[in-house]
1. Charges only on Cβ, +1 for Lys and Arg, -1 for Asp and Glu: so what's the dipole of the chain about the Cα centre, in debye to the nearest 20?
2. Of the accessible area of the chain, with the probe set at 1.4 angstrom, what percent is carbon plus sulfur?
3. Per residue of the chain, what 222 nm ellipticity follows from adding -39500 (n - 2.57) for every DSSP H run with n ≥ 4, rounded to the nearest 500?
4. Here are some values of volume of the Cα convex hull per residue in Å³: (i) 80; (ii) 109; (iii) 94. Which one was computed from this structure?
5. Could you compute the net charge surrounding Gly9? Neighbours are other residues with a C-beta less than 10 Å from the C-beta of Gly9; K and R count +1, D and E count -1.
6. Mind checking the per residue accessible area of the chain for me, 1.4 Å probe, whole number of Å²?
7. I need the calculated FRET efficiency for the pair Ser24 and Arg82, taking r as the beta carbon distance and R₀ as 30 Å, to the nearest 0.05.
8. I need the calculated FRET efficiency for the pair Thr54 and Ala13, taking r as the beta carbon distance and R₀ as 22 Å, to the nearest 0.05.
Amino acid sequence: RRARRLAEGLSEAGLPVDPAATESNFVAIDVRPLGLDAAEAVGRIEKEDVLVSTLRPGHLRAVTYLGVDDDAIEGAIEAIPRSLGVLAAA
């Protein structure tokens with residue numbers, strides 16, 4: 001449920017995320033349309049105190065688990081687009 005909320009929120013914010021593809025506890029974020037490689041995107045997001053990892057070249061993986069509550073999901077929905085927003089708005 002939380003992974004789906006994260007996917008929906010990021011998609012609504014304009015990030016290239018497919019909520020329909022979120023079937024487990026992780027969300028894939030395609031950063032290639034933003035002109036970023038995965039390592040640069042991870043670094044930007046980590047500055048917002050949100051942890052993500054590389055799924056494959058050009059794609060990030062945001063994982064939910066029992067220690068991630070609803071407030072953390074809402075915070076990530078705000079922080080991730082903000083950290084990538086300069087390029088997302090271009």
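The values are calculated or read from the model by the stated rules, or taken from the named source; none is laboratory data. Since the structure is predicted, the reported quantities are computational estimates derived from the model, not experimental observations. Using ideal geometry, Cβ is built from the backbone for each residue, glycine included, and neighbour counts are taken over all protein chains shown. For the accessible areas, the whole protein counts, side chains as well, though only heavy atoms, and no ligand, DNA or RNA atoms are used. Shrake-Rupley method; radii C 1.70, N 1.55, O 1.52, S 1.80 Å.
1. In total the dipole reaches around 240 debye.
2. That fraction is 51 percent.
3. -13500 deg cm²/dmol
4. So the structure-derived entry is (i).
5. Net charge around Gly9: -2.
6. Value for the chain: 57 Å² per residue.
7. It comes to 0.70.
8. It comes to 0.60.
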